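Each remark here refers to the structure printed beneath this line.
The values are calculated or read from the model by the stated rules, or taken from the named source; none is laboratory data. Since the model is a prediction, treat every value here as computed from it, not as a measurement. Note: ideal-geometry Cβ built from the backbone for every residue, glycine included; neighbour counts use all protein chains shown. Protein only, heavy atoms only, side chains kept; ligands, DNA and RNA dropped before computing areas. Shrake-Rupley method; radii C 1.70, N 1.55, O 1.52, S 1.80 Å.
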Amino acid sequence: IAPKEVSDEQVFRDACQRCHDLKYENKYALSNRVNLAAYMGSNPPDLSMMIRSKGDDYLHKFINDTQKMLPGTSMPRVGLNKASEDKVVAYMEKAGDAKKAERESLGINAMIYFLIFGIFGWLWKRKVWSDLH
């Protein structure tokens with residue numbers, strides 16, 4: 001029997017949700033916040049926007065090498081393998097940047113619009129200035 005595939009959300013819950021919130025998905029830290037703040041020195045940050053503010057490359061480096069990336073942090077080394085790390089980052093991207101594909105496709109559409117608008121502007125300028133020469 002093949003092992004059951006673990007979802008991105010499940011890996012995030014097991015690895016990160018013990019301490020961190022993901023408010024965009026209505027997921028909150030599983031630990032007692034008062035005890036967690038007392039142990040860590042402060043409450044760990046919400047990870048909802050971390051993918052957009054830091055990027056996936058930074059998160060891949062940070063997850064398993066926290067002390068090197070942020071010296072003195074209270075976050076322990078998580079110890080995820082590459083597949084689990086990819087699942088955590090994928091879930092954070094889905095939750096924190098759900099409109100990324102829409103945003104990226106809008107950019108090319110805006111460029112096409114301005115190109116067409118520029119051509120019409122150039123043609124209009126030629127028509128107006130042709131009468132003056």
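Other residues whose C-beta falls under 13 angstrom from the C-beta of residue 58 contribute a net charge of -1, scoring Lys and Arg +1 and Asp and Glu -1. Within the chain, the ratio Rg/Rh, alpha carbon atoms throughout and Rh by Kirkwood, equals 1.30. Look at where the Cα atoms of region 15-30 and of region 94-117 average out, and the two centres are 29 Å apart.
Distance cut-off 22 Å, Cα to Cα: go down the list 61/99; 27/61; 23/54; 54/94; 23/82; 27/68 and report the pairs above it. From 61/99; 27/61; 23/54; 54/94; 23/82; 27/68, over 22 Å: 61/99; 27/61; 23/82; 27/68. Of 28, 39, 58, 91, the order by accessible heavy-atom surface (1.4 Å probe, DNA, RNA and ligands excluded), from most exposed downward, is 39, 28, 58, 91. Highest mean packing comes first when the peptides 121-127, 69-75, 16-22 are listed by Cβ atoms within 10 Å, giving 16-22, 69-75, 121-127.
Annotation: amide H of residue 27 within the under-5 Å range of 22, sequence separation 5 or more or interchain, hydrogens built in the peptide plane.
Against the empirical curve 2.2 N^0.38 Å, the C-alpha radius of gyration of region 1-68 lands at a ratio of 1.25.
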